[in-house]
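Read-outs throughout are calculated quantities, based only on the coordinates presented, and are distinct from any laboratory measurement. None of the values given here were measured: they were computed from a predicted structure. Please note: Cβ atoms are built from the backbone with ideal geometry, for glycine as well, and neighbour counts cover all protein chains shown.
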Amino acid sequence: MSTTIEIKNITRSFGRHTVLNDVNLAVQPGELLALLGPSGSGKTTLLRLIAGLDFPDTGIIKFDKDDALGRKPKERGVGFVFQHYALFRHMTVFENIAFALRIRRAPKAEVTERVNALLKLIQLETLASRYPAQLSGGQRQRVALARALAIQPRVLLLDEPFGALDAVVRRDLRRWLRQLHEEMNITTLFVTHDQEEAFELADRVVIMNAGQINQEGTPIDIYREPANVFVHEFLGESNKFLATIKSGLVQAAAGFPLGTTTAPDGQATAYIRPHHILLRPSLRGAWRVQRLTSTGAHARVTIAHNETQAESAMPADALLESGLTEGAPIDVTFTGGTLFDAQGKTPTKLTALKPTLTQFTNLHSA
Amino acid sequence: MAVNTPAIETYLVNTPVREKPFPFAKLALITVAMLFMALFLLLPLIVVFSEALSAGLGEYLSALADPGVLSAIWMTVAIAAVAVPANVLFGIIASWCIARFKFTGREFLITLIDLPFSISPVVAGLLQVLLFGTTGLFGPWLSDHNIQIIFALPGMILATTFVTFPFVARELIPLAQEQGNDEEEAAVTLGASGLQIFWRVSLPKLRWGLLYGVLLCNARAMGEFGAVSVVSGKVFGYTDTLSLAVESLYDSYEIQAAFATASLLAMLALVTLVLKAALEWAHRDELHALKRKKAAT
């Protein structure tokens with residue numbers, strides 16, 4: 001049965017610098033969890049604390065009902081894959097994977113059998129006698145994983161597992177790892193600063209910033225309902241407008257309507273993703289198309305309302321059909337967005353002024 | 001733009017293919033290097049062996065069988081047998097703590113390790129006399145306890161250890177710093193204890209640096225002259241090492257015996273080189289991989 005990890009009130013400081021500040025987290029058995037955050041957010045430190053490579057100043061870490069902090073790394077049953085793999089350079093692939101078994105004085109036949117099974121798992125049977133320096137980045141990564149799996153760990157920890165690989169290898173390896181996780185069902189935590197990676201791979205994502213957990217949830221929930229300004233900004237591009245709320249109507253400080261909301265009257269900041277800005281050619285439009293750019297499948301349109309600029313995004317085909325040209329006057333509809341208070345917290349939904357369906361029809365018939 | 005691109009590509013592709021840009025310069029440089037090597041390395045080596053064997057193999061062997069020379073061989077081996085392991089031990093400890101920890105005095109320690117390189121060996125020898133000689137700092141205490149260091153084997157070992165002090169450490173410190181601590185941490189997560197990490201990870205990953213360090217250290221320990229000559233007292237047959245014996249014999253006009261003794265030291269150098277080459281050949285796969293990795297980064 002898979003292991004639960006319980007992290008309670010963990011604090012860790014290096015000198016005067018607090019790297020983790022009262023972190024609480026529960027990892028479900030068999031879960032694949034991503035720790036997502038910018039560098040310096042404390043995610044790697046948290047991983048090292050779980051592995052026993054570092055120790056917290058205060059707090060508790062439990063595996064099931066077991067106090068992990070009271071145990072040596074050897075007794076924790078943790079498999080750790082390092083960011084730069086940290087393979088033993090003087091050992092062959094075979095010996096690297098066999099290391100933990102040799103340390104535990106496993107019988108020779110068992111070592112051979114187990115290492116061969118792992119080599120098969122990572123599809124590198126033919127490279128058993130190579131040295132790490134003779135392998136590609138993706139191959140090294142897989143050897144590092146096999147080495148960590150050799151002890152049949154209760155918990156698997158991966159630090160920026162794809163950080164040093166190029167885009168294609170990264171994508172393949174990601175899918176392979178997801179598949180592997182489904183087969184083995186080991187409770188797994190991985191650290192990344194790449195949102196796409198976290199969202200594609202993980203069951204649940206934990207967003208960290210400045211030593212604290214900002215939000216945890218499924219990728220969809222987090223993207224739809226970011227808990228604060230940091231999370232919203234971290235999860236991709238958005239347009240940011242200062243706004244005033246008056247009896248449910250949201251008006252941008254720059255003088256254009258944004259939509260409606262249920263938030264109380266007052267000042268707010270509106271965050272709107274580029275794909276939530278719909279454009280429609282209109283001679284009486286208050287906005288103008290400033291610039292059209294294509295990034296392949298998607299098109300970006302920079303629009304302006306007097307001095308205020310905004311970025312809109314749409315499928316490249318939709319742009320072609322819309323007949324938008326640079327300099328043309330347009331009407332703009334904000335089909336969604338999030339309002340945050342002055343502290344950048346308490347998110348509320350921003351909804352469009354008019355039914356969006358007509359907007360779509362208008363855009364495509366224009 | 002589109003017109004320019006193929007031209008640039010052609011240039012880039014062709015440049016490395018252009019062979020022998022300056023055939024004369026290349027030839028001249030190789031010739032100079034070869035001549036230099038022959039004049040300063042090969043010729044002396046030939047002279048040593050031809051002089052040593054000038055009176056025939058029998059004379060050569062009997063010169064080496066002389067009790068004075070045999071004693072010198074013994075002294076040389078004894079000194080190296082203590083100095084080299086001592087410096088290996090020290091080098092490993094120094095590289096370990098300098099690469100792993102940040103502590104006050106770390107920079108000072110690195111500078112200090114270099115000291116024996118920058119001091120004349122004669123001064124190093126004199127230092128031992130000033131410390132352990134009869135009129136030296138510890139002299140009275142030593143003579144009270146009937147311990148003789150200067151003009152005896154212990155002093156020669158101390159002087160040699162001092163002079164060969166940096167060889168292993170200097171080789172290991174940059175290597176250990178470059179390699180970092182990652183593999184040790186990986187070993188921790190795989191369940192290795194401190195000792196297991198040292199024997200199975202830390203030491204093996206330093207082994208090539210260690211090998212070069214030991215070979216250099218040994219060659220220098222056996223060939224050391226200046227420092228040892230100050231502290232040995234140079235009694236032929238008692239406190240002469242091989243290099244000191246060469247001088248003693250040469251000074252007493254036993255030219256052939258001097259060269260025969262010198263040929264032993266020359267052979268030591270040759271054996272060292274062959275040993276190093278053989279080890280590199282035996283581990284060529286691993287070394288090749290290491291070199292490729294270095295070139296890639």
- Message: Classify the protein assembly as shown from the C-alpha gyration tensor, please: rounded if a/c falls under 1.5, else prolate or oblate depending on whether a/b exceeds b/c.
- Response: prolate
- Query: For region B:66-241, what Kirkwood radius comes out of the mean inverse Cα-Cα distance, in Å?
  - Reply: 17.7 Å
- Row for region A:196-300, column shape: gyration tensor on C-alpha, a ≥ b ≥ c, rounded if a/c < 1.5 i.e. under 1.5, prolate if a/b over b/c, else oblate; value oblate
- Note on the structure: Under the 7 Å Cα-to-Cβ spin-label approximation, B:Ala33 and A:Asp203 lie apart by a distance in nanometres of 6.2 nm
- Message: Could you work out [θ]222 nm for chain B from helices alone, using -39500 (n - 2.57) per DSSP H run of at least four and dividing by all its residues? Round to the nearest 500 deg cm²/dmol.
- Response: -24500 deg cm²/dmol
- Mind jotting down the three principal axis lengths of region B:184-297 based on Cα atoms? Whole angstrom, largest first. 65, 29, 22
- Query: For region A:260-319, which trypsin sites (Lys or Arg not before Pro) are in a loop by DSSP, counting at most 14 other Cβ atoms within 10 Å?
  - Reply: A:Arg284
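What size of dipole, in debye to the nearest 20, comes out for region A:75-228 about its Cα centre when the only charges are +1 on Lys and Arg C-beta atoms and -1 on Asp and Glu C-beta atoms?
The calculation lands at about 800 debye.
How much length would be gained if the chain were fully extended between A:Arg224 and A:Arg284, taking 0.36 nm per residue of separation minus their Cα-Cα distance, in nm to one decimal?
Between A:Arg224 and A:Arg284, full extension yields an extra 18.3 nm.
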- Among A:His90, A:Leu25, A:Pro38, pick out the residue whose Cα is farthest towards the positive end of the charge dipole of region A:1-91, where Lys and Arg carry +1 and Asp and Glu carry -1 on C-beta, about the Cα centre. A:His90
- Pick out which of B:Asp240, B:Asp182, B:Asp66 has the largest mean-square fluctuation in a Gaussian network model of chain B, springs linking Cα atoms closer than 10 Å. B:Asp182
- Debye-sum result for chain B in log10 I(q)/I(0), which assumes one identical scatterer on each alpha carbon, at q = 0.15, 0.16 Å⁻¹: -1.23, -1.29
- Note on the structure: Among B:Met156, B:Met267, B:Met34, the residue with the largest mean-square fluctuation in a Gaussian network model of chain B built from Cα contacts under 10 Å is B:Met34
- Message: Would any residue of region A:255-278 have its amide N under 13 Å from a label point 7 Å out along Cα→Cβ of A:Ala316? List them or say none.
- Response: none
- Task: Evaluate the Debye formula for region A:243-292 with equal point scatterers sitting on the alpha carbons, no solvent, and hand back log10 of I(q)/I(0) at q = 0.19, 0.23, 0.24 Å⁻¹, in q order, two decimals.
- Result: -0.74, -0.95, -0.99
- Using alpha carbon centroids, what distance separates region B:222-262 and region A:135-156, in Å? 59 Å
- So how strong a dipole does chain A carry about its Cα centre when Lys and Arg Cβ are +1 and Asp and Glu Cβ are -1, to the nearest 20 debye? 880 debye
- Item | A:Thr302-A:Ala210 FRET efficiency (beta carbon distance; Förster radius 51 Å; 0.05 resolution) | 0.95
- Message: Report D for region A:237-365 in µm² per second (integer): Stokes-Einstein, Kirkwood Rh on Cα pairs, 20 °C, 1.002 mPa s.
- Response: 144 µm²/s
- Item | At R0 = 41 Å, FRET efficiency that the Cβ-Cβ distance of A:Asn185 and A:Thr295 yields, to 0.05 | 0.60
- B:Leu109-A:Thr346 pseudo-label distance in nm [points 7 Å out on the Cα-to-Cβ vector]: 5.7 nm
- Message: Using Cα springs under 10 Å in a Gaussian network model of chain A, which residue among A:Ala316, A:Ala109, A:Ala150 shows the largest mean-square fluctuation?
- Response: A:Ala109
- State the dimensionless ratio Rg/Rh of region A:1-95 (Rg: radius of gyration of Cα atoms; Rh: Kirkwood radius). 0.99
- Task: Restricting things to alpha carbons, find the Rg to Rh ratio for chain A using the Kirkwood radius for Rh.
- Result: 1.08
- Task: Filter the DSSP H helices in chain B by two things, a Kyte-Doolittle mean of at least 1.6 and an axial alpha-carbon span of 27 angstrom or more, and list the hits by number.
- Result: B:67-100, B:255-282
- Loop-located trypsin sites (Lys or Arg not before Pro) in region B:47-148 whose Cβ has at most 10 other Cβ within 10 Å (DSSP): B:Lys102
- region A:61-208 -> Rg/Rh from Cα coords, Kirkwood Rh, value 0.96
- How large is the charge dipole for chain B, taken about the Cα centre, if only the Cβ atoms of Lys, Arg (+1) and Asp, Glu (-1) carry charge, to the nearest 20 debye? 940 debye
- Message: Given the DSSP H assignment, sum -39500 (n - 2.57) over each helix run of at least 4 residues in chain A and divide by its residue total; what's the result at 222 nm in deg cm²/dmol, nearest 500?
- Response: -8500 deg cm²/dmol
- Task: Specify the inter-centroid distance of region B:142-156 and region A:46-106, based on alpha-carbon positions, in whole Å.
- Result: 52 Å
- Message: I'd like the antiparallel share, as a percent to the nearest 5, of DSSP beta bridges with both residues in the protein assembly as shown.
- Response: 75 percent
- Item | Within chain B, longest stretch clear of exposed chymotrypsin sites (Phe, Trp or Tyr not before Pro) (DSSP loop, no more than 14 other Cβ within 10 Å) | B:139-252
- Query: Label-point separation (nm) for B:Gln148 and B:Leu45, each offset 7 Å from Cα along Cα-to-Cβ?
  - Reply: 4.0 nm
